[in-house]
Amino acid sequence: MFVDTTRRTFLRTGGSLIVGFALAESLPSALARAPVARPKTVATDEVDGFVAIGADGRATVYSGKVDLGTGVRTALTQMAAEELDVPLDHVTVIQGDTALTPDQGPSYGSLSIQNGGVQIRQAAATARKHLLDLASRRLGVPAGDLSVEAGVVRPKSGGNGIGYGDLIGGQDFTLKVDKDVTTKEPAAFRIVGQPVPRLDIPDKCTGRFTYMQDVRLDGMLQGRVVRPPALGATLQDVDENSVRDIPGLVKVVREGNFLGVVARSEWAAIKAARSLKARWSEWHGLPEQAKLWEHVRNTRVTKDDVTSNVGNPQEAQSQGAKRLSATYEFPIQTHGSIGPSCAIAEIRDGKLTCWSASQATHNLRKQLAAMLSMPAEDVRCIYVEGSGCYGRNGHEDAAADAALLSRAVDGQPVRVQWSRQDEHGWDPKGPPTLVDLRAALDEKGAVVAWESEFFIPEGAGGNVALVAAELAALPHETAMSPGNIIRNSEIPYTIPNIRTVCRRLAETPFKPSWIRTPGRLQNTYANEAFMDELAAAAGADPLDFRLRHLKDPRGEELLQRLATLARWERRPSPRRDAGGGTVRGRGLSYVKYEMNRTYVGAVAEVEVDRDSGRIRVPRFFVVHDCGQVINPDGLRNQIEGNVVQVVSRTLIEELAFDRSMVTSLDWASYPIITFPDVPEVVIELIDRPQEAPWGAGEPSGAVIPAAISNAVFDATGVRLRGAPYRPARVKAAMGSS
């Protein structure tokens, strides 16, 4: 049984839903198996695609963007409630259900509020205007003389009002979204801009929250996939007799190189997967890890993306008073999701329904349809939040596993729960990034030339191919695209001669995918650390050096406020009094995200143990400007989460592999940050209510690695140019300095 109190309670309110379902106790079963009484539009230009009003006046909002544990659902609820003028608890948000919600694009790129929320805001404002027009006709009062409070429309002069439920409850709006509609003035906001407690936290803190991993369906079977011992191995032979005596085993499934088992219990599926004897070919197609950067540099370049080109940097380099060059490296990393991926699939009456924590259910729908050679309209994907579901990790692949196994057992519902070894071994990876930088200073210490080359894969986004489809040699819908990993290769500073080039590589060792702040983190790391190198070469304070080259008033204001927040000590780096066993330093980093939105600045405080090489980051200061802030508390959550996770990625995380396979398959071999090392995060938000809301899920992650690198240099005088900063690497760098 699937338990989701909030949604089930919502369904039981009766007229609040314009789509009729049999209200069985097991909610996903009802959603999947009952016929839709009234087809609902999912068009992005229709109000009904986004908003419905029930007979009781409560609102349902349909969002194609989903909450990956980032607080987006709370913020979207605030935006809709604000524009509709209804209480917050009168709004229910349905997320990522391809049968009910518009396709607003995947929940990535920090676009859930910036794009998805703005669409919902426009739809809600259009709906409110229409409701006022209806009330005007019913009450005989001009719409301009009416006001709305708590979903009730009344004359401003006083008198009886009429509620939304009486005006339109249970009926369609049949209305196009007015993209030019006048939305509410920020001065009148009552809900937006307030630190509304996140709606999901109480149930998460008390163990009542239903994650994807908790979902159960009546009659559900359990599946496990037997993975090849090498990424490119082929299946030679299977001995089904090796598991014949396992109680509860339903079927061994083989399709090409896809091998799995289905059983009546999860433990039976685990035992069968472990015991099944199979013979695989050998494969040794990965590069040697010790020669990874040599491999990256020697990979064939398919094209150059020139992201900025100003002046003549080569000539300016030759005339510079001081020239610098450096190479920065950021490693291959796995998502490291705390809860391994999970999905359920069922094929009933020729139609597939899949429950998944995919951040792109509309894309997953197309991929599953292609894999099974089904019409997309016969596939329904329903989002359920996963325990660890940011980025394109393994959730889509678990869904494909479940779909193939369900098809093999005549469409019965099959749940596939990945193991930790599945997650670390088979989720797509954040690709390695190699960056060469060159710059020149004039005799006054100003940067007169900047050149950089970023070696990054041609494809690192889009619809990553499903592992099951590839193993089974089935059709698979992919749309590999740059994934915006070229962004922030440009620099936010005004320099007379600049050329930044992304050299797009034909291949990368592991299947690439989004991993938080993809590309922008790695690129900003190299740029901001190198900017710090230039400041040191010029004998300048790192903050003043940036301000000297920054011609953006909003960025200048942010850095000045960061200096105040962090009590920045203006001086050149490194510290001159550094000494003793433990040394301390501070480092600065800045980004204008994608060069066209959210500004973030950060100061890291570090402690470096000279004897062990261990780095601690006790404190981070962050100033953040994403325009209009919808929920300051939720935004702080996002920033804190970014700091914690990217500190882990900077100090600790690096994929280990041999010539055949990932070898860091557990938390011992792929460690992440633990609670004692979580830094204190001091945050200042710059709220600009009159501005559009910009994305805030990823930008603060971009500034973390360089801030740490620069702080380590400030503490030790040693420049670390290759993450992660594990103790042995740090100690070796200090020993060779």
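The table below lists the values:
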{"item": "Candidates ALA321, ALA316, ALA343 - the one that is touching a residue at least 60 places away in the same chain (Cβ under 8 Å), more than 35 Å from the chain's Cα centre (by Cα) and buried (at least 19 other Cβ atoms within 10 Å of the Cβ)", "result": "ALA316"}
{"item": "Unmet requirement for ALA536, which otherwise passes all of (1) more than 31 Å from the chain's Cα centre (by Cα); (2) surrounded by fewer than 22 Cβ atoms within 10 Å (Cβ to Cβ); (3) part of a loop (DSSP other than H, G, I, E, B)", "result": "(3)"}
{"item": "Strands (runs of 3 or more DSSP E) within the stretch 558-631 that include 2 or more residues of a type in the set (Gly, Ala, Ser)", "result": "582-592, 599-609"}
{"item": "Hits in the stretch 150-172 - residues which are at pLDDT below 95 and either in contact with a Leu (Cβ under 6 Å, 6 or more places away or on another chain) or closer than 23 Å to ASP48 by Cα (or both)", "result": "GLY169, GLY170"}
{"item": "Residue among GLY223, GLY232 that is under 28 Å from ALA400 (Cα atoms), touching a strand residue (DSSP E or B) at 6+ places or on another chain (Cβ under 9 Å) and among the small types (Gly, Ala, Ser)", "result": "GLY223"}
{"item": "Residue list for the stretch 300-346, restricted to those being farther than 30 Å from ASP442 by Cβ and not in a strand (DSSP E or B)", "result": "ARG300, PRO331, ILE332, THR334, HIS335, GLY336, SER337, ILE338, GLY339, PRO340, SER341"}
{"item": "Tally, over the stretch 714-729, of residues that are within 30 Å of the chain's Cα centre (by Cα), crowded, with 22+ Cβ neighbours inside 10 Å and assigned to a helix (DSSP H, G or I)", "result": "0"}
{"item": "Strands (runs of 3 or more DSSP E) (entirely within the stretch 221-275) containing at least 1 residues that are modelled with pLDDT of 95 or more and under 31 Å from the mean Cα position of the chain (by Cα)", "result": "221-225, 258-263"}
{"item": "Enumerated helices (runs of 4 or more DSSP H) restricted to the stretch 390-491, each holding at least 3 residues that are in the same structural domain as LEU259 (by TED's automatic domain parsing)", "result": "395-408, 420-426"}
{"item": "Failed criterion for MET531 (all others in (1) part of a strand (DSSP E or B); (2) under 28 Å from ALA446 (Cβ atoms) hold)", "result": "(1)"}
{"item": "Only listed residue being surrounded by fewer than 21 Cβ atoms within 10 Å (Cβ to Cβ) and at negative phi, chosen from THR353, THR361, THR327", "result": "THR327"}
{"item": "Some residue of the stretch 609-619 being under 20 Å from PRO727 (Cβ atoms) and hydroxyl-bearing (Ser, Thr, Tyr)", "result": "yes"}
{"item": "Long-range neighbours under 7 Å by Cβ, at least six apart or interchain, first residue farther than 15 Å from ILE491 by Cα and in the same structural domain as ARG597 (by TED's automatic domain parsing) within the stretch 549-564, second of a type outside the set (Gly, Ala, Ser) and assigned to a helix (DSSP H, G or I)", "result": "LEU559/LEU543; LEU559/ARG546; LEU559/LEU547; ALA563/LEU543"}
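Yes/no per residue for (1) of a type in the set (Phe, Trp, Tyr); (2) touching a residue at least 12 places away in the same chain (Cβ under 8 Å); (3) surrounded by fewer than 21 Cβ atoms within 10 Å (Cβ to Cβ); (4) closer than 15 Å to PRO724 by Cβ:
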| site | (1), (2), (3), (4) |
| --- | --- |
| THR650 | no, yes, no, yes |
| GLU653 | no, yes, no, yes |
| ARG659 | no, yes, yes, no |
| VAL662 | no, yes, no, no |
| ASP677 | no, yes, yes, yes |
| GLU680 | no, yes, yes, no |
| ARG688 | no, yes, yes, no |
| ALA696 | no, yes, no, no |
| ALA702 | no, yes, no, no |
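The values are calculated or read from the model by the stated rules, or taken from the named source; none is laboratory data. None of the values given here were measured: they were computed from a predicted structure. Cβ: placed from backbone, ideal geometry, glycine included. Neighbour counts: every protein chain shown.
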